[in-house]
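Here's the structure, in structure tokens; my notes come after.
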Amino acid sequence: MGPTRTPMQRSSGYDPNPIELPPLFQSSPKPFAMARWLVTKFMWPQSIMWIVLAVLTFHFVTPGLDRFRSLDVGDVAVLWFRNAAVMFVVIGGQHWWLHMRKAQGFEFKYEARWLSNRRKLFTFNHQTRDNVFWSLVSGGGVAALFEACMFRLYATQAIPQLESLWLIALMTFAVFWIEGVHFYLNHRFLHWRPLYRSVHALHHRNVNTGPWSGISMHPVEHLLYFSLPFVFVLLPGSPFIATFCMVYLMISPSPSHSGFDRFVVNKDVNFHGGDFFHNLHHRYFEVNYGMLLLPLDRWFGSFHDGSLEAHERFKGRKRNLNPSDQSSY
């Protein structure tokens with residue numbers, strides 16, 4: 001029997017029960033339980049949704065590969081308009097339901113307050129407009145440019161391309177694990193103080209997050225964040241995998257930053273929505289840099305599971321690093 005972990009039980013918002021590591025990475029590894037966790041917790045429903053969305057995007061609203069043999073601005077613009085349309089539908093839909101229509105009120109909401117609409121910290125003095133601007137203009141633009149570059153490499157046969165659907169499916173699943181490492185390394189780098197102040201602080205304006213906060217980032221951060229598909233210059237991949245990387249990176253942060261732990265359909269039905277693990281990072285900045293799928297934070301000492309015990313350890317580390325700082329967290 002493991003140690004008792006007490007939820008923090010904040011009065012200002014909703015705190016779920018403390019986070020459990022995936023079964024494979026617990027003190028007593030459970031490989032069969034891990035397989036069940038991957039299917040029922042990690043893949044279903046959100047990860048499956050991102051794969052399906054990428055399939056639809058690639059086959060129905062992405063130009064053919066031949067168009068990218070001679071890359072020009074028009075090709076990047078086509079992908080940018082496609083990105084903007086997908087973001088408006090998926091991210092905008094979540095924002096409308098949760099933060100405009102306020103369909104479930106504060107139920108399961110991490111913060112008992114709504115997004116800021118009069119604060120000079122944000123571009124246009126408005127949190128949602130700030131988030132939409134950086135997500136669409138910078139995020140959608142960098143994603144389009146990088147995807148077009150990958151298409152050019154595949155169209156000119158400059159890099160190897162997988163042909164087997166089974167191998168493409170396996171590599172698509174591998175993207176989740178590759179991104180776990182990629183995101184953690186980039187994120188730790190972005191918390192290096194000079195880079196944090198000049199770049200990553202833009203994203204961390206969002207302590208109380210909404211769906212559009214997910215990829216509201218400085219352009220330099222977008223260059224790092226959307227560089228994932230270039231892994232497939234070295235590893236075998238495919239044009240679909242390049243599109244999947246971009247759809248996953250653009251869209252998956254929207255529910256994890258939605259501000260709600262669960263999405264309510266009706267009084268009897270709700271399902272997993274936000275990401276408490278990452279919400280704790282926005283709340284305390286110096287914990288949970290990575291993703292729960294691959295618990296690098298546990299291995300490198302920055303893991304916060306949302307329990308009172310973990311929070312006391314976090315405050316102790318802060319005080320040891322800054323003895324003069326007696327503020328509460």
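The values are calculated or read from the model by the stated rules, or taken from the named source; none is laboratory data. The shown structure was predicted, so the numbers you read here are calculated from the model rather than taken from an experiment. A quick note on method: Cβ atoms are made from the backbone with ideal geometry, for glycine too, and the neighbour counts reach across all protein chains shown.
Computed values, structure above
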read-out	value
Residues that are free of Cβ contacts under 8 Å to residues at least 40 places away in the same chain, closer than 30 Å to VAL61 by Cβ and not in a helix (DSSP H, G or I), drawn from the stretch 78-120	ARG101
Among (1) over 22 Å from PHE106 (Cα atoms); (2) crowded, with 22+ Cβ neighbours inside 10 Å; (3) among the aliphatic types (A, V, I, L, M) - the single one LEU280 does not satisfy	(1)
Failed item, numbered, when SER238 is tested on (1) surrounded by 22 or more Cβ atoms within 10 Å (Cβ to Cβ); (2) at positive phi	(2)
Only listed residue being in a helix (DSSP H, G or I) and of a type in the set (Val, Ile, Thr), chosen from ILE159, ILE241	ILE241
Candidate set from the stretch 63-81 (those that are under 14 Å from PHE146 (Cα atoms) and surrounded by 13 or more Cβ atoms within 10 Å (Cβ to Cβ)); member that is modelled with the lowest pLDDT	LEU71
Tally of residues being crowded, with 16+ Cβ neighbours inside 10 Å, assigned to a helix (DSSP H, G or I) and among the small types (Gly, Ala, Ser) across the stretch 181-226	1
Selected residue (only one of GLU147, GLU163 is in contact with a helix residue (DSSP H, G or I) (Cβ under 9 Å, 6 or more places away or on another chain) and of a type outside the set (Gly, Ala, Ser))	GLU147
Matching entry among ALA144, ALA169 (being more than 16 Å from the chain's Cα centre (by Cα), small (Gly, Ala, Ser) and surrounded by 21 or more Cβ atoms within 10 Å (Cβ to Cβ))	ALA144
Condition check for ILE19: of a type outside the set (Gly, Ala, Ser), surrounded by 14 or more Cβ atoms within 10 Å (Cβ to Cβ), closer than 17 Å to PHE244 by Cα and in contact (Cβ under 8 Å) with a residue 40 or more places away in the chain	no
